[in-house]
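Worksheet: the structure to be examined is printed underneath.
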């Protein structure tokens with residue numbers, strides 16, 4: 001019987017779990033655990049899924065760097081002509097280090113500093129997605145001082161319920177993101193009076209892990225109505241950015257394909273008579289199901305209440321289960337005759353919140369390597385050194401080859417920037 005995994009290049013062969021042509025238990029033996037592993041073929045499939053060759057206009061994909069910011073993965077997308085959605089100077093520096101041109105960078109985020117705005121203007125980014133009137137003023141002031149005109153797009157908050165986890169919902173009035181839809185025309189009129197700004201577009205992003213098209217369409221309709229009003233007021237735009245947030249399958253979700261979302265957007269643009277360039281900001285849908293986390297079982301601990309598999313990965317390595325109560329598939333990388341037992345997969349950190357999965361029926365022995373599936377997005381990028389734990393290594397698989405794309409931290413790395421109060425005698 002063949003198991004269908006959310007990661008398309010994952011398969012059982014010869015009683016072992018393979019990613020492309022690499023047995024995962026051998027990767028764990030070679031590189032140690034915890035270990036993030038990504039499939040180049042799965043990244044390519046995700047990129048291809050977002051291509052829409054019959055569009056009647058230019059479509060730019062702005063990969064959301066926060067989902068996975070490893071520079072090898074950024075380079076992979078840059079080589080395919082991707083644009084990039086960033087939210088910090090650090091992310092911008094990563095994108096540039098990966099070989100992407102600054103003209104392919106869109107700078108989002110609610111808290112841009114003067115230093116970040118200067119850095120972006122010096123390099124010549126595509127545009128800023130502006131999220132408040134004070135930010136408009138700041139960008140204008142910095143650009144004027146530098147003798148430049150800053151390309152800007154306003155991020156509009158359409159007050160649409162994305163029907164997703166509250167921590168990743170960004171399009172409601174109570175969220176901190178964007179400019180209120182009712183104030184948008186006034187904001188654009190004001191922006192048009194500032195000589196340091198060049199209005200280029202309009203943008204929204206309503207949340208993440210959306211599994212139906214309805215919220216996208218609701219927000220799109222509100223945005224398109226706003227664009228018509230702006231045109232009537234003499235404010236012309238070059239692009240319309242419909243954000244990201246398309247969901248992926250972790251367990252039994254059935255999210256729409258990218259082509260379905262693009263087709264819906266294009267039809268709406270045609271119905272409205274708009275000729276604008278179209279932009280999206282996909283992140284999770286590009287990388288989540290291209291990666292997994294390998295972790296070794298240190299102990300099997302039975303108790304009167306439940307069984308635990310204590311592994312060497314923890315909430316510092318992968319915080320999504322703790323932070324979002326997120327469900328991720330767990331599978332043993334080898335098949336053997338251990339009995340199936342319901343157990344929680346937990347880490348060694350001194351927190352009861354340190355768990356990776358709960359109530360899973362697994363055949364597991366001490367020393368086995370488990371794969372935590374769909375960990376390519378918001379995994380390594382959200383990891384930390386809590387409990388003075390070095391962060392994991394990252395490996396990219398290409399067919400039967402594996403490449404280390406991030407070395408494992410060693411203990412001395414963790415306090416290299418710290419200073420003693422006095423010399424040790």
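Starting with the highest mean, order 186-199, 401-414, 91-104 by the number of other Cβ atoms within 10 Å, averaged over the residues of each peptide.
Ranking the peptides 186-199, 401-414, 91-104 by packing returns 91-104, 186-199, 401-414.
Round to the nearest 10 and give me the degree value, 0 to 90, for the angle of helix 258-272's Cα axis relative to the longest principal axis of the chain.
That helix lies at roughly 10 degrees to the long axis.
Using a 10 Å cut-off around each Cβ, can you sort 84, 274 from fewest to most neighbouring Cβ atoms?
274, 84
Compactness ratio of the stretch 51-281: Cα Rg over 2.2 N^0.38 Å, N = residue count?
0.97
Under the 0.36 nm per residue contour assumption, what length would be gained going from the current alpha-carbon distance of residue 41 and residue 325 to full extension?
99.4 nm
Test of understanding: ordering 396, 356 by Cβ neighbours within 10 Å, fewest first, what list do you get? Intermediate results must be reported in sequence, preceding the final value.
Working: 396 22, 356 28.
By the 10 Å Cβ count, ascending: 396, 356.
Please list 340-348, 369-377, 151-159 highest first by mean number of surrounding beta-carbon atoms within 10 Å per residue.
369-377, 151-159, 340-348
Any idea what angle helix 40-49 forms with the longest principal axis of the chain, computed on alpha-carbon atoms, 0 to 90 degrees, nearest 10?
Here the helix axis deviates by roughly 40 degrees.
Taking the mean number of other Cβ atoms within 10 Å as a proxy for protection, how do you rank 243-250, 321-328, 32-39 from highest to lowest?
32-39, 243-250, 321-328
Could you please rank 394, 418, placing first whichever residue has the fewest other Cβ atoms within 10 Å of its Cβ?
Details: 394 24, 418 6.
By the 10 Å Cβ count, ascending, the order reads 418, 394.
For Rg/Rh (Cα atoms, Kirkwood Rh), pick the label among (i) 1.01; (ii) 0.97; (iii) 0.95 that corresponds to the value derived from the coordinates.
The value matching this structure is (i).
Roughly what angle does helix 133-145 make with the longest principal axis of the chain, taking Cα atoms, 0 to 90 degrees, to the nearest 10?
The answer is roughly 70 degrees.
Show that you can apply the helix-only estimate: for the chain, add -39,500 (n - 2.57) for every DSSP H stretch of four or more residues, divide by all residues, and state [θ] at 222 nm to the nearest 500. Present the calculation step by step, with values, prior to reporting the outcome.
Details: 11 runs with 109 residues, N = 425.
Calculated at 222 nm, the ellipticity per residue is -7500 deg cm²/dmol.
Just subtract the alpha-carbon distance of residue 54 and residue 299 from 0.36 nm times their residue separation and send over the number in nm, one decimal.
Here the answer is 82.8 nm.
No value in this document is a laboratory result; all are computed from the given coordinates. Fair warning: this is a prediction, and the values are worked out from it, not measured in the lab. Counting neighbours? That spans all protein chains shown, and the Cβs are built from the backbone with ideal geometry, glycine included.
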